[in-house]
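Engineer: Following this message is one structure expressed as structure tokens.
Every number in this text was worked out from the coordinates using simple rules, so none of it is lab data. Quick caveat, the model's predicted, so the values are computed rather than measured. Glycine also receives a Cβ, built like all others from the backbone with ideal geometry; neighbour counts cover every protein chain displayed.
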Amino acid sequence: SRPYLRGIPESTLFLYNAVPLRSETSKSFHQLDQDLSLAGVKRIEIVRGAASVLWGLDAFSGVVNVVPFTGKDFQGVETGLLFSAGQESQQAYANVGGCGARWSGFGSLTVGESDSQNGQASVVRFWDGPNDAPVPALERYGSETSRSLKTFDFSGNMTLGDSLHVSGRLAQSRTPYVLSSADRGLSWVEERRTDLGQIKADFQKPLSLDTSLKASAYYLALAPETRIVDRRFSQHEETFYTEALIERSLWTGRGLVTAGISFKNTRVDDALIWKNYFPDFLSPENTAFLPDYAFMDFDHSLGSAFVQYLHKTRSWNAVAGLRFDLHNEYENTLNTSLGLVWHPVDVFTMKLLYGTAFRSPYGRQYVEELSTKKLEKARNITAQAVWHPHDRFYGELTAFYTKISDHVMEDPFAGISLPNEQEFWGLETAARWQLTSTVTVFGSVTALTHHGPDETYRYTEFTILGPGGDYEQTVVDLSYPFDAGPKTFGNIGLLWTPTKRFSSRMRLRYFSETTLSYPRGILKDTAPEVSLLELDAVYRDCLIHKLDLTAAITNALDKNYELPGTYSMIDGSPFTLHLQLRYRW
């Protein structure tokens, strides 16, 4: 569950109804895959490129906003069941929505369970040894299978009148997994459990024919808990955010000014900060030392002011924006955005965009003595051409360049890399062509490259207990190549819709080779390129009216392939059959 966008890992700002789906202490926390139900989702909005002027901190390489249904979009009741074979899972959901003259409401509930299928662990006890030491080696090993993955997700919203919209979400997930050391000689079970609760209020009021006021506020509570072998570590986060902005139309609608202010405060209790490389301590030779870690509390705030102006003419649009962020812990930052859109005719558009963004620090950066107080900064230039000659064809070509400075990465259980710079270049192309009234072909390809120094980490190579009872540490510098993920990836597919009740799709996904650098930077392993075939079909009003059946096959050719894991290569998903029944009441 490590997302990449334009070659930069863990750099996308994920939002649910404009509320961040992230932890303030770890960039590796992502509520994706089965942790996030899409049963009540209306659409997913994607913004590529640095976009912090309007979206704020962490819109580093892009933004993904998950937008739920409202009562105006969905009326009635819908229930659904989902079964998967290959990667065993079951899921059930219910959606309820309605609206009246001055109100609307919507709610969605999803529960699910999946077989983790991660294999077995060899280390089953470790932490509770005598005299603050590990469990003796002879008692440390055995066999344990990770338990099933379970999820609960409830979301809802209500609109009162034309001004007030209130929404919320409660979610809980339990995700077990087995990790292996670099040589796969040792393995152990970990489990991540997350409780999430959020509530958000949006208010909008016209002040005049050309001016409107918008205000929003949200409260987010996050309680991640991690089990590592036989010990649990819990933390708690609370975030309060409020924003107010004014939009004013100028020049008889040709200009639009958006200006606003915002404030965010986050409190984190018992954040777990690792100071050692955990797998080293599992070997039978270690009988005296436990990994060094600390619990830290954080309380940081961020105040922002932003303004953007958009001007439209018959064939040109121009936009410029500024955002000033005032941090209580790190340097103050200034974000800029510039854009020019040329559309000489209706069927052709060209865009040139420039944007900057900053990324919030890792939790460990708050306590690392040598950690820089500068935030990572991204500068992005994007040029795009769009050709849409008629309803049956759409094509686009995008070129981008991104430079990130003061860049650092966090290695699991190890440390923070020294700051460096990286540059990325890439091309993205996408097309959709309706060949006949029933057949449409589509595809997209991304190719990128990057340039920059290796990531350098300062590791604690070993610790010696001195004669006076003090610990003496030996620190070394180790280098890893930057992880940009696959350099080329894309898909091509065909959509067949012979009737209004039936449609099917075939899609071939491709991604080029990926590389994993093993801990200590000594060895590297490369997973070869792979192409995966996916098939799916939807049959509406199946057997009875209002009952829909969806069938899908992922990895239809059952290819064996590998992906980089945390410490070693892991197996890709096997052939899996998915069946979904959906009934509208």
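Engineer: Could you calculate the FRET efficiency of Ala294 with Trp127 from 1/(1 + (r/R0)^6), where r is the beta carbon distance between them and R0 is 22 Å, rounded to 0.05?
Structural biologist: 0.90
Engineer: Taking 0.36 nm per residue of sequence separation and subtracting the Cα-Cα distance, how much length would be gained by fully extending the chain between His311 and Arg584, in nm to one decimal?
Structural biologist: 93.8 nm
Engineer: Related question: Pairs to check: Lys312/Lys377; Lys312/Lys351; Lys42/Lys72; Lys264/Lys403; Lys275/Lys403; Lys27/Lys150. Give those whose C-alpha atoms are more than 20 Å from each other in this structure.
Structural biologist: Values: Lys312/Lys377 30 Å; Lys312/Lys351 14 Å; Lys42/Lys72 11 Å; Lys264/Lys403 27 Å; Lys275/Lys403 30 Å; Lys27/Lys150 23 Å.
As for pairs spanning more than 20 Å Cα to Cα, those are Lys312/Lys377; Lys264/Lys403; Lys275/Lys403; Lys27/Lys150.
Engineer: How high is the FRET efficiency between His236 and Ile464 when r is their beta carbon distance and R₀ equals 41 Å, given to the nearest 0.05?
Structural biologist: That gives a FRET efficiency of 0.70.
Engineer: A further question on this structure: Given labels modelled 7 Å from the Cα in the Cβ direction, how far is it in nm from Cys99 to Ser301?
Structural biologist: 3.9
Engineer: Please give the residues of region 116-149, grouped as numeric ranges, whose backbone N is less than 16 Å from a label point set 7 Å along the Cα-to-Cβ vector of Thr287.
Structural biologist: From region 116-149, the list is 129-141.
Engineer: Per 0.36 nm of contour for each residue apart, how much would the distance between Lys275 and Leu32 grow if the chain were fully extended, relative to their Cα-Cα spacing?
Structural biologist: 84.7 nm
Engineer: Moving to a separate point now. Quick one: if the Förster radius is 25 Å, what FRET efficiency do Phe348 and Thr252 give, using the C-beta to C-beta distance and rounding to 0.05?
Structural biologist: Given R0 = 25 Å and the Cβ-Cβ separation, E is 0.40.
Engineer: Between Ser444 and Leu81, with labels modelled 7 Å along Cα→Cβ, what's the label distance in nm to one decimal, could you check?
Structural biologist: Taking the simple label geometry, Ser444 and Leu81 are separated by 3.4 nm.
Engineer: Right, here's the next one. Between Asp406 and Asp391, what is the label-point separation in nm under the 7 Å Cα-to-beta-carbon projection?
Structural biologist: The modelled label-to-label distance comes out at 5.1 nm.
Engineer: Suppose every Lys and Arg Cβ carries +1 and every Asp and Glu Cβ carries -1, with no other charges. What dipole size does region 57-203 come out with about its Cα centre, to the nearest 20 debye? Walk me through the numbers before you get to the answer.
Structural biologist: Details: 12 positive and 17 negative charges, 49 e Å.
Here the size comes out at about 240 debye.
Engineer: Can you give the calculated 222 nm mean residue ellipticity of the chain, where each DSSP H run of n ≥ 4 adds -39,500 (n - 2.57) and the sum is split over every residue, rounded to the nearest 500 deg cm²/dmol?
Structural biologist: 0 deg cm²/dmol
Engineer: Consider a paramagnetic label point 7 Å from the Cα of Ser437 along Cα→Cβ; state which residues of region 490-507 have an amide N under 16 Å from it.
Structural biologist: Counting only backbone N, you get 496-502.
Engineer: Also, quick follow-up: Restricting the calculation to Cα positions, tell me the Rg (one decimal) and the Dmax (whole number) of the chain in Å.
Structural biologist: Expressed in Å, the Cα Rg and Dmax of the chain come to 25.5, 83.
Engineer: Magnitude of the Cβ-charge dipole of region 1-131, K/R +1 and D/E -1, about the Cα centre, nearest 20 debye? Can you show the working numbers first?
Structural biologist: On the way: 10 positive and 12 negative charges, 104 e Å.
Dipole of region 1-131, to the nearest 20 debye: 500 debye.
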